[in-house]
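Everything below concerns the one structure shown next.
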Amino acid sequence: MTAVANRRPLTWEMAAGGSHALATGVGDVGTVLLAGPPAAAGAESLASHLLRLGALPAEAKRPAFILKVVADSGLQGRGGAAFPVARKMVAAAAGTGKALLVVNGSESEPASRKDWTLLCLRPHLVLDGAALAAAAIGASSAVIQLHRGAAAPSAALLQALQQRRAADLSDPRFTISFGPPRYVAGESSAIRAFLAGGPAKPAPRGGRGHGPGSPPLVQNVETLALLALLGRFGADWLRGFGTGASPGPTLVTLAGAVDHPGLVAEMTGPTALSNVLTRWGGLAGAPRALLFGGYAGTWCDGRQAWGLDLNRESLATAEIPFGSGLVGVLPWDACGLAETARLLTYLAQESSGQCGPCVWGLPRLAKEMSDLAWGRVASRDVRRMARMATELAGRGACHHPDGAVTLLASALTVFSDEVVHHLRQGPCSRSGRGPVFPIPERRDAAWR
């Protein structure tokens with residue numbers, strides 16, 4: 001089953017039992033995380049939220065109950081790594097010093113909109129989940145981390161917090177923190193470093209990324225929204241959605257050459273990728289390629305991926321990362337090498353500059369790919385680029401270079417025909433097409 005939402009305005013559809021019905025307005029039958037009033041109503045009020053779902057049960061705020069129900073559910077984090085939520089909570093609850101919960105609403109992927117949608121339309125669902133997570137680890141305070149410039153989520157959250165204070169809910173002390181709008185600044189160790197007073201840069205591999213004491217528990221917005229429902233309805237209810245290996249509803253964002261870039265889809269069960277892209281992306285058939293997992297993700301041949309189910313389990317079997325839940329569509333009239341060059345250039349510019357691979361390696365790879373896309377290169381240049389990418393893998397201070405290397409390696413495989421054409425005849429006519437995926441204009445280069 002699938003329910004979808006377009007960002008502006010939000011338009012939803014649902015599929016059940018093979019029968020597809022078109023509906024408009026948020027809150028149609030079949031939605032779970034995104035159920036509720038229509039998009040035109042804006043952020044759901046506390047009164048509407050409580051009328052629809054009821055108050056959190058008193059037992060749901062007991063640490064032992066929360067930790068057990070999360071463990072029994074098998075809930076995985078929705079921030080990209082799919083790490084078991086229970087393990088993170090147990091570690092945080094057993095820590096020393098003052099506990100702190102961080103609600104990560106940074107959403108650093110430029111084309112992703114799932115956290116934006118939850119924060120702007122269902123803020124109380126996220127805040128309920130945050131209250132439960134804070135109770136589980138014994139935290140009296142919670143920080144909501146956003147990027148600077150996130151005006152709409154900030155406004156919705158401020159209104160929601162005012163409503164909750166007026167209702168005298170037993171919440172932790174919420175504060176909103178604004179970090180730099182940089183690609184790697186939303187990584188959990190970068191957030192911990194920022195909140196500790198340092199630059200919002202990822203910690204070196206194995207590093208702490210925070211001050212003394214136990215690290216704050218950083219949880220993604222979608223994860224906390226699921227926790228709010230899990231606390232009300234229990235582990236068995238959650239396992240009734242999704243798949244055995246990845247229980248619960250999952251949000252994805254469709255990007256690129258689709259009818260409505262930024263459309264958010266809620267996957268409540270096994271759903272064919274082809275079904276999602278034809279009915280909600282507006283595609284008539286398989287595209288040239290698909291980008292999975294975000295800008296530092298993996299290209300896949302559109303025809304080969306067309307028959308897959310859109311869930312972590314199915315994609316993992318095909319060695320495709322689900323990552324942040326971004327599914328990007330590259331059309332047949334676009335050049336995959338040119339699009340990869342744009343993405344690599346962006347990733348190189350957004351590195352934190354803490355190691356050689358980021359300072360020198362990524363800019364060099366971006367230039368080499370740009371030369372292949374728009375200039376004249378020889379076969380030896382492509383071999384050198386591939387060799388350089390192999391040498392960079394795993395050598396960065398953080399994992400940012402690894403993602404860029406994965407993107408490049410997949411491009412050389414999926415777009416091998418274009419590589420041959422560019423080597424023999426120079427840039428193809430499609431390389432002059434405009435960008436398929438949005439590249440943010442950097443207006444704030446600070447790391448604090």
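Label-to-label distance, Arg387 versus Ala196, with points set 7 angstrom from Cα along the beta-carbon direction: 4.0 nm. Within the same chain, lysines fewer than 8 places from Lys88 are excluded, and of the rest, those with a Cα less than 24 Å from its Cα are Lys61, Lys68, Lys98, Lys114, Lys201. In the chain, the calculated helix contribution to ellipticity at 222 nm averages -11500 deg cm²/dmol per residue, counting -39,500 (n - 2.57) for every DSSP H run with n ≥ 4.
Would you mind ranking Asp168, Asp72, Asp444 by Cβ crowding within 10 Å, fewest neighbours first? Write out the running numbers ahead of the final one.
Numbers: Asp168 7, Asp72 15, Asp444 11.
Arranged by neighbour count, lowest to highest, Asp168, Asp72, Asp444 become Asp168, Asp444, Asp72.
Judged by the gyration tensor of its Cα atoms, with axes a ≥ b ≥ c, the range 190-318 is oblate; a/c meets the 1.5 cut and b/c is at least as large as a/b.
Stokes-Einstein diffusion of the chain at 20 °C, 1.002 mPa s viscosity, Kirkwood radius from Cα pairs, rounded to a whole number: 95 µm²/s.
Is the shape of the range 33-239 best called rounded, prolate or oblate, per the rule: a/c under 1.5 gives rounded, else a/b larger than b/c gives prolate, else oblate, with a ≥ b ≥ c the square roots of the Cα gyration tensor eigenvalues? If you can, show how the numbers build up before the last one.
Details: a/c = 1.57, a/b = 1.16, b/c = 1.35.
Oblate.
Taking DSSP loops as anything outside H, G, I, E and B, show the longest stretch in the chain free of GluC sites (Glu not before Pro) there with at most 15 other beta carbons within 10 Å.
Values: sites that count: Glu319, Glu441.
Longest stretch, sites excluded: 1-318.
Assign unit charges at the C-beta atoms only (+1 for Lys and Arg, -1 for Asp and Glu), then state the dipole size of the range 33-239 relative to its Cα centre in Debye, rounded to the nearest 20. Walk me through the numbers before you get to the answer.
Values: 22 positive and 12 negative charges, 87 e Å.
It works out to roughly 420 debye.
Would you please give the residues with an amide H less than 5 Å from that of Phe174, counting only those at least 5 places away or on a separate chain, with H modeled from the backbone geometry? Amide H neighbours of Phe174, under 5 Å, 5+ apart: Ala142. 3J(HN,Hα) along the range 216-233, derived from phi through the Karplus expression 6.51 cos²θ - 1.76 cosθ + 1.60 where θ = phi - 60°, amounts to x, 7, 9, 10, 5, 4, 5, 4, 5, 4, 5, 4, 4, 6, 4, x, 8, 10 Hz, with x in place of Gly and Pro.
The charge dipole of the chain, taken about its Cα centre with unit charges on the Cβ atoms of Lys, Arg (+1), Asp and Glu (-1) only, comes to about 1060 debye. Label sites at Arg62 and Gln349, each approximated as a point 7 angstrom past Cα along Cα to Cβ, lie 5.4 nm apart. Database remark: amide H of Leu263 closer than 5 angstrom to the amide H of Arg7, Leu254 (H placed geometrically; neighbours at sequence offset of 5 or more, or on other chains; Pro and chain starts carry no H).
Could you tell me the relative contact order of the chain? Use alpha-carbon pairs under 8 Å, at least six residues apart, and round to a whole percent.
On the way: 923 pairs, mean separation 72.4, N = 448.
Relative contact order of the chain: 16 percent.
Assuming a ≥ b ≥ c are the square roots of the Cα gyration tensor eigenvalues, decide whether the range 336-432 counts as rounded (a/c under 1.5), prolate (otherwise, with a/b larger than b/c) or oblate. Taking the square roots of the gyration eigenvalues as a ≥ b ≥ c, the range 336-432 is prolate. Neighbour counting of Cβ atoms within 10 Å sorts the residues Arg424, Arg164, fewest neighbours leading, into Arg424, Arg164.
Please get the size of the charge dipole for the range 336-432, origin at its Cα centre, with Cβ charges of +1 on Lys and Arg and -1 on Asp and Glu, quoted in debye to the nearest 20. Please report the intermediate quantities before stating the final value.
Values: 11 positive and 9 negative charges, 61 e Å.
The dipole of the range 336-432 has a size of about 300 debye.
Spin-label pair Ala378-Leu158: with each label point 7 Å from Cα along the Cα-Cβ axis, the two points sit 6.1 nm from one another.
Taken together, the values in this text are just the output of simple stated rules run on the coordinates, not laboratory data. Remember, it's a predicted structure, so these values are computed and weren't measured experimentally. Cβ: placed from backbone, ideal geometry, glycine included. Neighbour counts: every protein chain shown.
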